[in-house]
Amino acid sequence: MSNELSDFLKPIKIKNYSDVKEIIKAILAKKRELERKKNDEKQLREDLENVKQKLEKLTNETSSEHNRIKTLSLQYLKEAIEYHLNKEYEKAIKKYQTSIDMVQDNALALGNWGLALLDLARLKNDESLYRESIKKYKKAIELNPNNFDAFKMLDIAFGELIRLENDKKRAVRISKKLKKLNSQQN
């Protein structure tokens with residue numbers, strides 16, 4: 001059983017029944033997060049299969065310089081997705097970067113690069129990674145304005161960045177209040 005699932009299935013101790021509403025909200029948030037991760041992984045696996053098919057097709061075509069560069073870019077994209085699926089986000093990010101450096105107009109690579117940055121941002125609670133993720137989604141949308149997934153992920157990245165910024169502001173306010181109380185007691 002996965003660690004996340006076993007954590008999710010641990011008994012919940014309720015000290016005060018007025019906390020039930022908050023506990024239910026937390027459970028539902030965890031459920032949505034697990035569903036999102038499952039959907040992201042499914043999409044990455046589909047993308048990986050599509051990239052493999054494109055690679056196979058390009059390999060069978062004439063060997064022009066353009067096709068060699070495109071093939072190499074797809075190979076890097078394939079490796080990036082594999083790293084991403086293995087949750088090796090930093091390696092995936094480097095491979096996505098290399099793929100895009102070779103063929104700049106690949107909306108799929110940009111969208112997945114944005115997702116890797118978003119996953120790493122979540123892991124590290126890093127505002128700058130959220131902002132980088134947002135830039136990649138915007139660029140992917142610019143290349144393919146019909147990319148619903150990029151719009152959806154852009155919205156999620158913005159929402160999570162705002163939540164993180166609000167959490168930090170709240171922490172600063174609490175810290176100031178604690179310092180004030182502490183100074184009043186002394």
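The values are calculated or read from the model by the stated rules, or taken from the named source; none is laboratory data. Predicted model, so just to flag it, every value in this text is computed and none were measured. Cβ sites come from the backbone with ideal geometry, for glycine too, and all protein chains shown count toward neighbours.
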- Query: So, of the residues in region 12-31 that are under 31 Å from the mean Cα position of the chain (by Cα) and of a type outside the set (D, E, K, R), which turns out to be nearest to Arg122 (Cα to Cα)?
  - Reply: Ala29
- Message: I'd like to know if region 96-105 contains one or more residues that are farther than 24 Å from Ile141 by Cβ, of a type outside the set (S, T, N, Q) and part of a helix (DSSP H, G or I).
- Response: no
- Query: Just a yes or no: is a residue in region 129-151 at pLDDT below 85, surrounded by 12 or more Cβ atoms within 10 Å (Cβ to Cβ) and either assigned to a helix (DSSP H, G or I) or not small (Gly, Ala, Ser) (or both)?
  - Reply: no
- Going through region 106-128 in order, the residues found to be part of a loop (DSSP other than H, G, I, E, B) and either closer than 23 Å to Glu65 by Cβ or free of Cβ contacts under 8 Å to residues at least 24 places away in the same chain (or both) are Asn106, Asp126
- Task: Determine which member of the set Glu90, Glu132, Glu127, Glu79 is of a type outside the set (Phe, Trp, Tyr) and farther than 30 Å from Lys169 by Cβ.
- Result: Glu79
- Task: Scan region 133-151 and report the pairs whose first residue is aliphatic (A, V, I, L, M) and whose second residue is outside any helix (DSSP H, G or I) and surrounded by 15 or more Cβ atoms within 10 Å (Cβ to Cβ), with Cβ atoms within less than 7 Å and a gap of 6+ or a chain change.
- Result: Ala140/Asn147; Ile141/Asn147
- Just one of Leu123, Leu110, Leu143 is within 27 Å of Gly159 (Cβ to Cβ) and in contact with an Asp or Glu (Cβ under 7 Å, 6 or more places away or on another chain); which is it? Leu143
- Output the number of the condition that Ile12 fails; it satisfies all remaining conditions of (1) modelled with pLDDT under 90; (2) assigned to a helix (DSSP H, G or I). (2)
- Could you say which residue among Glu41, Glu79, Glu35 is modelled with pLDDT under 90 and part of a helix (DSSP H, G or I)? Glu35
